[in-house]
Structures are given as structure tokens and as C-alpha cells.
Amino acid sequence: MQLIKRNVFILTGLLISLNTFAQQNITSIGLKTLLNQVNANAPTLITDSAAIGIRQAQAAETHSNWLPNLKLNYQADIGTNNNVAGPYFGFGIIPSDSRGVRTTNNTTAVSANVGVAALDWEVYNFGAYGAQNKVANSDIRVQQSQFANSKYQLQAYTIGNYLLLMRLQNFLDIQSRNIQRNVEIRRSVQSLAKSGVRAGVDTSIAEAELSKARLNYIELANQVKQVQLQLSAVSGLPYQSIVPDTTAETALIAQPASLQSIDQDTVNHPLINYYRSVYQNSLQRENLVKKSYNPKIMLEGAVWGRGSSVDANDHFNSLSTGWGFDRNNYLVGVGISYNLFDLRRRQLKLRTQKAETSYNAQKLQEQKQLLAVNANQADVELETARQRLQEIPHQLRAANDGYRQKLSLYKNGLTDIIELNAALNILYRAETDYAQAKYSYSSALFQKAVTDNQVNEVLNLLK
């Protein structure tokens, strides 16, 4: 059983060594490079970009609403021409009453044909066409601002996961050092136990601590792969190649003066621009409602020709004489159309649209307030992280000195394995606290940059 455990520990140690060696030989990817890959390959951005094309096509369709209707019609018919006097409302297909009423009933078949070219053009509608085009253009701007906001939020998501990956990579390095220290302790315990200076139980305790350190390493390695897979999904890169550049944290921490000079720009924040475009779109729709129920000036025109087997003297000739045009006519007119009940419809629809505009205005104001609150919180978090970074090195130095002293005392038989492990845990906690402090600082810094719309300014500080 001891042999199996030893083989497992050796295998785990080899895996850790191979993983460390592989990470050292894989070129790390910078944050700028990763963001460029995300902007080019993220599935959500590709989808949102296609949605802009849809809005542009819809706008082009709307811009053609001013075109007139020009219909060409022709028909050849055989039937009767036997009418009576009297008015009627047309419904469906109504027989022709183009000839006067006869005194006798005559059901003789008549052939006839007619060709018509009819123009129907709404030439002016008091601004409705312009309002439709403005709404269509506004729809494009909403989609474009939504794309820009999605891109910005995805950028923030990528930065957050990249920083998390750096944190986990630092934890892996710390855990690797922790394993090496446990191996050193176990070696010393085994040497002292063989010479009879230490009890054999110390060996078991050292083995248990070493096993725990290795299990923690395996768990951290799994978390690293999970974050790599998330970044791979939005960047299109193989997850194994997404190795963070851990020097970025050091570069940011070393430039506090440059960071303080970055100005806040929440007026042009992509999130605010999106909600502003939605509000402007709603205003344009209000104007469209007002214009849609205005009077319409129509230009009407028609040219037609007609032939019939009934001649001018009311003789019913052979059906073959009914083909071809005997008479040609034209008609041109200008008319105006207005539905008085549209006043009420306009009032009701405008009331609904104004309520939506009010909602969008409040939503815009809400987002501005939330952004201001987030900016203040980011400032507090950044200052707290800066203070933490200033204090933690003292803890780390003290913990490292304490461990070295306890190890020396243990080797000389002046302390026990419990106190040595306690000192080791204190050092491990100090190292993880330091890694967490660096992560908290970088995270707070980028959170402030995202809130202040200054991500590019912070990225320019990195190589």
C-alpha cells in the first residue's frame, strides 16, 4: 500500500513538473492581443453585426415608400350587357354598366376587352415620409449602439476572466512552491525519523500535508482550464494557448501616477449611448405618430382603351368584332384624403407612445445614476486595494522569516511538526493574500476603467 501511495505521489509530482515546464515554454498572450481576437471572432458580436445589416435593409425599404403605384391591367371578356338603373355599393366583382339601360331584356353574348394603365401616387402627406425615414435611421443607430455596448461589455467580460486567469496562475505558482516546501519537510522528517530523532508519526503528518498540497494544485489546474475554455469560446483561440502574461499586474501596480491622470468619460459611455439612442428612437416614433394621421394629397392618373362587339347604334355584332380597342380615354386628377376619426386614433396612439418615451427617458436617467454610483464604488475599491498592497509585503516577509526559523528549529529538534506546519500555512496564506491583493487591485482598476469608459487608456499602459 505504501508503494502505491508513493507511486501516486511521484506521478502527481511529474504531472506538476510537466505542467510547469509546458507553461514556461508556451508564449503568454497579452491582454490587448486577446481582446483583438475577441473583437474579431466572438459569436455574439458577429450576430449583432448581422443585425445591423437587417436594420439597414429595413431602412432602405422604408426609404422607397414614396414610390407611386403604376398598375398595368388587361382583360378580354365574353358575357352579357343587360343593365338596369339604380345605385349600388360595389362589392367583389360587379358586371359592367358602361352602356345605357334598354327597354327590353337582351341576353345576347357580347365580346369586349379593356386595357388600363393606372397611376396612384401619394405625392405629399405633410411629413409622414420624412418621419418614417427618420425612424428607420434611428433604428439603425439603436442597433449600432447596441452592438457597441455588447462589444464593450464583452471586452469587460474578457478582461475580468483574463485577470481571474492571472490570479489562478499565481495561485498555481504558489501551490507549486508549497509542494516543494512540503517535499523538503518530508525529506527532513524522513531523515530525522531514520536517525531516531523524530517519531514515525511525523512522517505520516508530512505525507498528509504533501498530499493535500498536491490535491489543491490539481483543483487549481482544473479551475485554470475552465477559465481558459470560457475565453476560448469568445476568442476562437485554442484554450491551451491562452496563458496570461502575469507581468501585466506588476506593470499596472508600478504606474499609479499615470492612472490618476485618466479622466472620467461617462457621457459617451457605450451603455449610456445605447439607452440614449433608444430614447431618441422613441421621440422619433412620437413624431411619426403625429405625421401618420395627416391628410394625404393623391395624384391619380389612368389611360385605357376598350373594344366591344356592340356598336354605337346598339347593334350586337359577331363576337369577333369585339377584339381590339375602339375607344381610348385618359383621366388625371389630384385629390386629398383625410379621415376625421383619425383625430381620435392619433390621440390614443400618441398617448401610448409618449408613455413609452417617458419610460425610456427614466431608464436613461437610471443608467446614468447607476454608472455614477459604480464609479464611486470603483474609486473606493481601488483605494482599498492600493492600501492593501502597501501593507501585505510586511505580512509576507514576516511569514517567510517565521517559516524559515521554524524549519531550522525543527531540524535541530527544538520544535514539533505541528508548529512547523502552522508556520508553513501562515506563509502559504500570506502568499495567497498577496496574489489576491494584486488581483483585487488590477480588478478594481479595470472596473474603474470600464465604468469611466477609459479601458483603452489603461490598456495603453501595458506593453
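The values are calculated or read from the model by the stated rules, or taken from the named source; none is laboratory data. What you are looking at is a predicted structure, and each value in this text was computed from that prediction instead of being measured. Every residue, glycine as well, gets a Cβ built from its backbone with ideal geometry; the counts of neighbours run over all protein chains shown. Areas reflect the complete protein model, heavy atoms only, side chains present, ligands, DNA and RNA absent. Shrake-Rupley method; radii C 1.70, N 1.55, O 1.52, S 1.80 Å.
Can you name every residue in the stretch 376-395 that is aliphatic (A, V, I, L, M) and buried (at least 16 other Cβ atoms within 10 Å of the Cβ)? Ala378, Leu382, Ala385, Leu389, Ile392, listed by residue number. Take the conditions at pLDDT 90 or above and surrounded by fewer than 19 Cβ atoms within 10 Å (Cβ to Cβ) and apply them to Ala148. Does it pass? Yes; evaluated as a whole, the condition is true for this residue.
Restricting attention to the stretch 327-358, the residues being in a helix (DSSP H, G or I) and without any contact (Cβ under 8 Å) to a residue 40 or more places away in the chain number 7. Of all the numbered requirements in (1) closer than 30 Å to Arg285 by Cα; (2) acidic (Asp, Glu); (3) at pLDDT below 90, Asp77 misses one, and that requirement is (1).
Only residues that are surrounded by fewer than 16 Cβ atoms within 10 Å (Cβ to Cβ), under 13 Å from the mean Cα position of the chain (by Cα) and of a type outside the set (S, T, N, Q): list them for the stretch 33-51, please. Pro43, Ile46, Ala50, Ala51, listed by residue number. Taken over the stretch 152-174, the residue count meeting the criterion of being under 16 Å from Leu459 (Cα atoms) and open to solvent by 50 Å² or more (accessible area, probe 1.4 Å) is 2. Filtering the stretch 293-316 to residues that are in contact with a strand residue (DSSP E or B) (Cβ under 7 Å, 6 or more places away or on another chain) and part of a loop (DSSP other than H, G, I, E, B) leaves Pro295, Ser309.
The single residue among Leu414, Leu370 that is at pLDDT below 90 and not charged (D, E, K, R) turns out to be Leu414.
For the stretch 299-331, what are the residues that are open to solvent by 60 Å² or more (accessible area, probe 1.4 Å) and either of a type in the set (Asp, Glu) or over 17 Å from Gly79 (Cα atoms) (or both)?
Start the filter on the stretch 299-331 by keeping residues that are open to solvent by 60 Å² or more (accessible area, probe 1.4 Å), which leaves 300, 303-304, 306, 312-313, 315, 317-321, 323, 325-331.
The answer is Glu300, Val303, Trp304, Ala312, Asn313, Phe325, Asp326, Arg327, Asn328, Asn329, Tyr330, Leu331.
The lone criterion from (1) within 47 Å of the chain's Cα centre (by Cα); (2) free of Cβ contacts under 8 Å to residues at least 60 places away in the same chain left unmet by Leu424 is number (2).
Specify which of the listed residues (Leu420, Leu424, Leu370) is open to solvent by 10 Å² or more (accessible area, probe 1.4 Å) and aliphatic (A, V, I, L, M).
On the way: Leu420 fails: open to solvent by 10 Å² or more (accessible area, probe 1.4 Å); Leu424 fails: open to solvent by 10 Å² or more (accessible area, probe 1.4 Å).
That would be Leu370, the only listed residue that is open to solvent by 10 Å² or more (accessible area, probe 1.4 Å) and aliphatic (A, V, I, L, M).
Are any residues in the stretch 304-358 over 30 Å from Val289 (Cβ atoms), of a type in the set (Val, Ile, Thr) and out of contact with any Leu (no Cβ under 9 Å at 6 or more places or on another chain), and if so, which ones? Correct list: Val310, Thr321. Checked against the criteria, Ala118 counts as farther than 25 Å from Thr80 by Cα, open to solvent by less than 40 Å² (accessible area, probe 1.4 Å) and of a type outside the set (S, T, N, Q).
For the stretch 405-434, a tally of residues being touching a Leu at 6+ places or on another chain (Cβ under 9 Å) and in a helix (DSSP H, G or I) returns 15. Residue count for the stretch 265-306 satisfying the condition of being free of Cβ contacts under 8 Å to residues at least 60 places away in the same chain and not β-branched (Val, Ile, Thr): 1.
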